[in-house]
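Just so it is clear, none of the values below were taken in a lab; they were calculated from the coordinates. It should be emphasised that the depicted structure is a prediction, and the values quoted were computed from it without experimental measurement. Ideal geometry is used to build each Cβ from the backbone, glycine not excepted, and the neighbour counts take in all protein chains shown.
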């Protein structure tokens with residue numbers, strides 16, 4: 001299975017042009033299955049030897065360990081793709097993962113910040129320090145353009161068109177989109193780019209990155225996560241706040257302001273409109289809460 005796994009990951013990289021994050025996730029999931037086989041059976045099976053009951057036992061093990069339904073669903077998706085590849089390449093006769101049922105994941109409403117809370121977060125990084133200017137530029141850009149953390153990390157100098165006020169963003173599945181940038185984010189970017197200092201001994205990929213660490217090299221997603229945790233504490237925001245919260249806030253505030261759902265879909269880079277529609281539930285809930293708190297007859301009708 002280890003040889004097949006390496007071939008599959010190479011296929012994802014070369015033929016499917018999958019992102020490094022996707023390849024890493026698939027690698028981790030397949031290694032976890034191998035560890036399960038090693039622990040339960042004392043060896044790792046080849047794809048040809050693996051049958052449906054063995055994978056059912058693995059899924060049961062995931063549930064027993066308390067993994068979230070979303071994690072189980074993701075790992076099943078990985079296994080289906082892996083065995084579909086193995087079947088096509090003649091490494092196994094069937095796809096033993098195909099009959100497995102994906103657990104239904106309850107859709108949680110995304111956590112988002114109010115406009116006042118966003119304002120507090122954006123002002124948290126100190127404007128009199130270089131790393132503070134960088135952090136402000138990152139947070140302003142994430143909120144202004146609704147970017148994922150991986151998309152922010154991947155930004156290069158050539159992706160920013162200052163005159164047009166846009167960013168060229170490489171999203172999930174390496175799908176490219178154009179993201180407008182607001183005036184506040186552009187000002188924050190301008191101030192940061194004036195003091196940005198790349199490591200001139202680094203390779204071209206690192207030197208071209210917009211956002212750099214203290215060594216003058218491209219930031220990582222984890223670095224942005226740590227940076228946000230620090231500023232969340234400073235601004236006194238909920239511990240639920242994550243890097244993705246700014247993206248959720250971006251979408252929610254657009255819809256609250258009257259933006260068209262399909263326009264928001266394009267700005268977020270969602271493949272399906274269904275993914276974007278979860279934000280309409282957030283807006284509807286807020287409307288209901290405002291109505292019940294403000295309308296003099298709302299409470300009376302609910303209690304009647």
For the pair residue 238 and residue 120, the simple spin-label estimate (label points 7 Å beyond Cα toward Cβ) gives in nm 1.2 nm
Would you mind checking the tilt of helix 130-145 against the longest principal axis of the Cα atoms of the chain, expressed as 0 to 90 degrees and rounded to 10? 80 degrees
Distance (nanometres) between label positions extended 7 Å along Cα→Cβ at residue 256 and residue 84: 3.9 nm
Taking neighbour counts of Cβ atoms within 10 Å as a proxy for exposure, in what order, fewest first, do 242, 183 appear? 183, 242
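Kindly state, to the nearest 0.05, the FRET efficiency for residue 15 paired with residue 111, given R0 = 35 Å and r defined as their beta-carbon distance. If you can, show how the numbers build up before the last one.
On the way: r = 37 Å, r/R0 = 1.05.
My answer for the efficiency is 0.40.
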Residues in region 262-280 that a label on residue 175 would reach, taking backbone N under 16 Å of a point 7 Å out along Cα→Cβ: 262-278
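Which length gain, in nm to one decimal place, applies between residue 201 and residue 129 when the Cα-Cα distance is subtracted from 0.36 nm times their residue separation? If you can, show how the numbers build up before the last one.
Working: separation 72, 0.36 × 72 = 25.92 nm, distance 2.41 nm.
Additional length available on full extension: 23.5 nm.
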Given the -39500 (n - 2.57) contribution per DSSP H run of 4+ residues, what per-residue ellipticity at 222 nm results for the chain, rounded to the nearest 500 deg cm²/dmol? -18500 deg cm²/dmol
